[in-house]
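Asks: Let me give you the structure first, and then I'll get to my questions.
What follows is calculated from the coordinates using simple rules that are stated; it is not laboratory data. Remember, predicted model here, so these are calculated numbers, not experimental data. When we count neighbours, we look across all protein chains shown, and the Cβ atoms used for this are built from the backbone with ideal geometry, even at glycine.
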Amino acid sequence: MNICMSCVIDTNYVNQSLIAIKSFHECNSEIPIIAYIEKDVSIDIFDYVEVRRYERNYNDVFEYVGGDLLLVPRDAMSSISQRIKALEKLRNEYDYVINLDMDTLTVRSIAPIISKLDNSTLEYFSGVDERENRNKWVKSLGIKEPVKTENYFNTGFCIYGSQALKAISYDDYIKVLKSDASNFLCPEQDYLNLRLQLKNIKLNPTYNMMISDNRYQERIPTIIHYLGIYKPWATTRPINKHVSYYFANYANYVNNNISILDTEFVKQVNINYEFSKNLG
């Protein structure tokens, strides 16, 4: 059984990508890493990473999918959509493909779940279910749910069996987005959930611990996912006191890796951490 971790590096996420990749490798050095990077992005990447360059993706649906409620940066639609192309390609090279978002920090090995994968799970899609949270914000936004499935997996960390990935393609992705553009607010994630729900494995939330989760004391994270607007490097200030725990993890890692990061990035991470300590 062979497995790889795949990621896509956006031009606006270079520092974050270095942190996500390095922390994952330190905890899971036996898993090869493949990074898809746009041809015009300049980055000094680690020698243990296989780099695959790609041309910027464009389709007219990128300009209007999700409307004013799109939950990802519109200028990131190229890199987000590249994940579909990457999965479509890698299914022919590996038995399993891990997708890792670049707004993550890995703090423990994922070996416990990798050890459970074999030929009998090649048709499965594994991830952390966030259907309860999804239902809340779909209702609050007043949109029609385009993914009417029992589970809804956050794709910040997912493991895809190569047989499961036969159900997707980039052309189909574009077709699906155009079919209901106004309601696809998380285009790549919505599409993958729509197409890969027949066989899935729900992972423990610790493998994609979102900073909206205040149960970090009982759910010791393996991977922390800094989703949403309150990120350690953002200028938007957090409002919940429990994020101090998550911000501390990120700040500590950043401060131990200053030599590979931009000065302003490091400065902003530390400003946000200091701010988070005074919440509540």
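Asks: List pairs: first residue in segment 223-234 and free of Cβ contacts under 8 Å to residues at least 12 places away in the same chain, second residue among the hydroxyl-bearing types (Ser, Thr, Tyr) anywhere in the structure, Cβ distance under 7 angstrom, at least six positions apart or on different chains.
Replies: Within 7 Å, the pairs are 229/236.
Asks: Moving on to the next point. Applying the selection to segment 110-153, what residues are part of a loop (DSSP other than H, G, I, E, B), in contact (Cβ under 8 Å) with a residue 60 or more places away in the chain and among the β-branched types (Val, Ile, Thr)? Don't jump to the end; show me each part of the working.
Replies: Initial filter on segment 110-153 (part of a loop (DSSP other than H, G, I, E, B)): 110, 115-118, 122-124, 130, 142-152.
After this cut, where a residue has to be in contact (Cβ under 8 Å) with a residue 60 or more places away in the chain as well, the list is 110, 117-118, 123-124, 130, 143.
Within segment 110-153, 110, 143 meet the criteria.
Asks: Another one. For residues that are part of a loop (DSSP other than H, G, I, E, B) and closer than 10 Å to residue 71 by Cβ, scanning just segment 185-198, find the one that is nearest to the chain's Cα centre (by Cα). Even if it seems obvious, please write down each step before you answer.
Replies: Narrowing segment 185-198 to residues part of a loop (DSSP other than H, G, I, E, B): 185-186, 196-198.
This time we only want the ones that are closer than 10 Å to residue 71 by Cβ, so: 185-186.
Values: 185: 15, 186: 11 Å.
This residue is 186.
Asks: Give the residues of segment 223-241 that are assigned to a loop (DSSP other than H, G, I, E, B), under 20 Å from residue 253 (Cβ atoms) and under 16 Å from the mean Cα position of the chain (by Cα), sorted by residue number.
Replies: Correct list: 226, 227, 228, 230, 231, 232.
Asks: Could you say which residue among 43, 34 is surrounded by 13 or more Cβ atoms within 10 Å (Cβ to Cβ), in a strand (DSSP E or B) and of a type in the set (A, V, I, L, M)? Step through it out loud before you land on a result.
Replies: Numbers: 43 fails: in a strand (DSSP E or B).
When all the criteria are applied, what remains is 34.
Asks: Taking into account only those residues within segment 235-280 that are surrounded by 15 or more Cβ atoms within 10 Å (Cβ to Cβ) and among the small types (Gly, Ala, Ser), which is farthest from residue 212 (Cα to Cα)?
Replies: 251
Asks: Go over the candidates 201, 220 one by one and state the one that is assigned to a loop (DSSP other than H, G, I, E, B), on the phi < 0 side of the Ramachandran plot, among the β-branched types (Val, Ile, Thr) and surrounded by fewer than 19 Cβ atoms within 10 Å (Cβ to Cβ). Walk me through it before giving the result.
Replies: Details: 201 fails: assigned to a loop (DSSP other than H, G, I, E, B).
After ruling out the rest, the residue left standing is 220.
Asks: Quick one: residue 56 ticks every box in (1) within 14 Å of residue 173 (Cβ to Cβ); (2) charged (D, E, K, R); (3) assigned to a loop (DSSP other than H, G, I, E, B) bar one, so which box is it?
Replies: (1) is the only condition that residue 56 fails.
Asks: Just to be sure I understand, how many residues within segment 9-31 are assigned to a loop (DSSP other than H, G, I, E, B) and surrounded by fewer than 16 Cβ atoms within 10 Å (Cβ to Cβ)? It would help to see each step written out before you state the result.
Replies: Kept after step one, since they are assigned to a loop (DSSP other than H, G, I, E, B), are these residues of segment 9-31: 10-13, 28-31.
Checking the rest, the ones that are also surrounded by fewer than 16 Cβ atoms within 10 Å (Cβ to Cβ) come to 12, 29-30.
Residues flagged as assigned to a loop (DSSP other than H, G, I, E, B) and surrounded by fewer than 16 Cβ atoms within 10 Å (Cβ to Cβ) within segment 9-31 amount to 3.
Asks: Restricting to segment 144-185, and then to whatever is touching a Gly at 6+ places or on another chain (Cβ under 8 Å) and closer than 19 Å to residue 228 by Cβ, can you tell me which residue is surrounded by the fewest Cβ atoms within 10 Å (Cβ to Cβ)?
Replies: Result: 185.
Asks: Mind checking which residues of segment 70-113 are among the hydrophobic types (A, V, I, L, M, F, W, C), surrounded by 21 or more Cβ atoms within 10 Å (Cβ to Cβ) and in contact with a Leu (Cβ under 7 Å, 6 or more places away or on another chain)?
Replies: 87, 97
Asks: Pick from segment 70-104 the residues that are under 22 Å from residue 207 (Cβ atoms) and among the hydroxyl-bearing types (Ser, Thr, Tyr): which of them is farthest from the chain's Cα centre (by Cα)?
Replies: 94
Asks: Now for a separate question. Within segment 207-252, which residues are charged (D, E, K, R) and within 27 Å of residue 185 (Cα to Cα)?
Replies: From segment 207-252, those charged (D, E, K, R) are 213, 215, 218-219, 231, 237, 241; that's our starting set.
213, 215, 231, 237, listed by residue number.
Asks: What residue, among those in segment 71-96 that are in a loop (DSSP other than H, G, I, E, B) and not hydroxyl-bearing (Ser, Thr, Tyr), is farthest from residue 10 (Cα to Cα)?
Replies: Taking segment 71-96 first, the residues in a loop (DSSP other than H, G, I, E, B) are 71-73, 91-95.
Now drop any that are not not hydroxyl-bearing (Ser, Thr, Tyr), which leaves 71-73, 91-93, 95.
Working: 71: 16, 72: 13, 73: 11, 91: 22, 92: 24, 93: 23, 95: 26 Å.
Step by step, filter segment 71-96, then rank; the result is 95.
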